[in-house]
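The values are calculated or read from the model by the stated rules, or taken from the named source; none is laboratory data. Only a predicted model underlies this, so the values are computations on that prediction, with no experimental measurement involved. We place every Cβ from the backbone using ideal geometry, glycine too, and count neighbours over all the protein chains shown. In case anyone asks, the SASA skips ligands and DNA or RNA and just uses the protein heavy atoms, side chains included. Shrake-Rupley method; radii C 1.70, N 1.55, O 1.52, S 1.80 Å.
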Amino acid sequence: MEIKKLENSSVELTLTLESKKIEEEYAKRIKDYAKKLTLNGFRPGKAPVSLIESKYGPEIREEVTFKLMEDNLEASYKDLEQKQRPLPYCTPVLQNEESLLPFKPDTDITYSVVYDVVPEVKLPAYTGLTVEAETTKITDKEVDEEIERLRQQNAMVVAKNGAVEKGDIVTVNYVELDAEGKEVESTKRDNFTFTVGTSYNFYKIDEDIVGLNKGDKKVIEKTYSDDSGMGSDYIGKTIKLDVEVTEVKRKEVPELDDDFAQDIKDEYKSLDDLKKATKKNLEDAAASQNENAKLDALLKEISKGTEVQIPKSMVDAQLDQEWRNFVQRFGMSEADVEKLMSANGAGKDQFLETRRADVTEQLKLQLVLEQVKEEQKFEVSEDELNEQLKKYGQEITKDNPNYDAFKIYAEDDVKFEKAKNYLIENNKFKAPARKENKKEDK
């Protein structure tokens, strides 16, 4: 067995399959065929082996040899280091297949396969650095905005007697009218509900229905400009829309007092309790966000001096996952999503290419963190392991048949967290330099 490094984190593995194994399996397979095949002039299973061999020998030898080559390749992995084995999403490719054929009797077969392996990563210095990183500080204004969001979230929706205003929740029936004033049936929609001012309606009629009352009807005439956000079928087009308001409701927002605070959570006895808890929650979220921002900025800085060749199969596997996630968000079949994209002059290939550079960089950052984890050789205590296992949302003890697999994942997760903390603790961070805003001379 011989293994040779190639470019782009690929290797060429050369193996030899002994002729003795081939001949043994070949003889066995010929006998099996003899028992099953029916040839003219012979009863089923009674044809001479020599006749079967002369008629089908080359094809049987080829079938047997290729199968043994595959088995030989699989068996060879146990003698390789983990980093020399194929990536799970990479299929080894047989080299120079034509030169091996036809397979000759009593001849050893030496063959080579090429496949991608985990990339080697050479890191620059990754401690003692000073890196710019954006940090978030929670202000009183943000606390007030969060409490206002809670008020809106806990508002009651009640029927309104009066004209439509911004912020009201309305239900309408609508349909487009053609040049002769007839309804365009395909555009008809009944009982469509939206909040006025959000523009969460196809025709963007928020301003047009302000002032209407329940039961009012109106023919709205609109011309859509280039910046209207409408599809190409509507830009520059004037349409008439027959609209009927069938329901008007408003939000009844609770008063900002101690009762409201207690409605949010029983443990809050006053509005002041709610404000303090809200501020703490926001600060905790900001602290986590700041840590992530520091780590991201640091990894990008380390990445600049990192030497690594990311194999195409690794990038393609990640792109494939992103595409599946993209399709899933639509709640449609892949074919329907591609059809929708093609109507807008795009498609799967364009999606993958626009994501390729970012995905490659993301993988590089992951590999940097992985290498730090490997180089620092972090240990995982029993308490840390058990604490991580609890985060998986189920009782995982040593009696669990999948305990060993869970243990590997848990230890790896703990080590990754330690690698992140190690990097943040052993480097310094500063706020980015602020650019002065210079007013242009008029």
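Data for the structure
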item	result
Quarter of Cα convex hull surface for segment 266-372, i.e. mean projection, nm²	11.5
Difference of contour (0.36 nm per residue) and Cα-Cα distance, ASN426 to LEU340	26.1 nm
Low-density loop positions, GluC sites (Glu not before Pro), segment 134-226 - DSSP coil, at most 16 other Cβ in 10 Å	GLU134, GLU165, GLU180
Distance in nm between pseudo-label sites at GLU97 and ALA159 (7 Å out along the Cβ direction from Cα)	7.4
Farthest positive-ward along segment 242-325 dipole, Cα basis, beta-carbon charges - from ALA285, GLY305, TYR268	GLY305
Calculated FRET efficiency for the pair LYS83/VAL253, C-beta based, R₀ 60 Å, to 0.05	0.50
For ASP168, residues with placed amide H under 5 Å, excluding near neighbours	VAL196
Over 18 Å (Cα to Cα) - which of LYS20/LYS78; LYS122/LYS377; LYS21/LYS67; LYS377/LYS398 fall in this group	LYS20/LYS78; LYS377/LYS398
DSSP-loop GluC sites (Glu not before Pro) across segment 1-91, with at most 13 other Cβ within 10 angstrom	GLU7, GLU18, GLU81
Value of Rg to Rh for segment 353-421 (Rh from inverse mean 1/r over Cα pairs, i.e. Kirkwood)	1.11
Positive dipole terminus of segment 73-178, leading residue within PRO86, ALA75, MET156 (C-beta point charges)	MET156
Cβ charges +1 (Lys, Arg) and -1 (Asp, Glu), total dipole of the chain, debye	860
Apportionment of accessible area to carbon and sulfur, the chain, percent (1.4 Å)	46
Accessible-area ranking of SER333, SER99, largest first, probe 1.4 Å	SER99, SER333
Per DSSP, loop chymotrypsin sites (Phe, Trp or Tyr not before Pro) in segment 371-429 with at most 14 further Cβ within 10 Å	TYR392
Radius of gyration and Dmax over the Cα atoms of segment 194-282, both given in Å	21.0, 57
Heavy-atom SASA rank of THR14, THR223, THR127 (probe 1.4 Å, accessible area, largest first)	THR223, THR127, THR14
Full-extension gain in nm, ASP266 to ASP32, via 0.36 nm per residue minus C-alpha separation	76.4 nm
Shape category assigned to segment 120-242 from the gyration tensor of Cα positions, a/c cut at 1.5	oblate
Diffusion constant of segment 56-132 at 37 °C, which comes from Stokes-Einstein with the Kirkwood Cα-pair radius and 0.692 mPa s, µm²/s	208
Rounded accessible area per residue of segment 145-287, 1.4 Å, Å²	62
Debye, to nearest 20: dipole size of segment 43-120, +1 on Lys, Arg Cβ, -1 on Asp, Glu Cβ	460
Set of segment 359-393 residues, backbone N closer than 16 Å to the point 7 Å along the Cα-Cβ line of ASN402	389-393
R0 of 35 Å, Cβ-Cβ distance GLN376-PHE326: FRET efficiency to nearest 0.05	0.50
Accessible area in square angstrom per residue, segment 32-119, 1.4 angstrom probe	65
Listed residue (VAL114, ALA34, GLN394) projecting farthest to the positive dipole end of the chain, Cβ model	ALA34
Binned Cα-Cα distance frequencies in segment 1-116 - 5 Å width, integer %	2, 10, 19, 18, 14, 12, 9, 7, 5, 3, 1, 0
Rg to Rh, two decimals, where segment 288-339 supplies the alpha carbon set and Rh follows Kirkwood	1.18
Per-selection Rg to Rh, the chain - Cα, Kirkwood hydrodynamic radius	1.12
Gap separating the Cα centres of segment 60-125 and segment 219-275, nearest whole Å	62
Mean shadow area of segment 178-246 over all directions, Cα convex hull, nm²	5.0
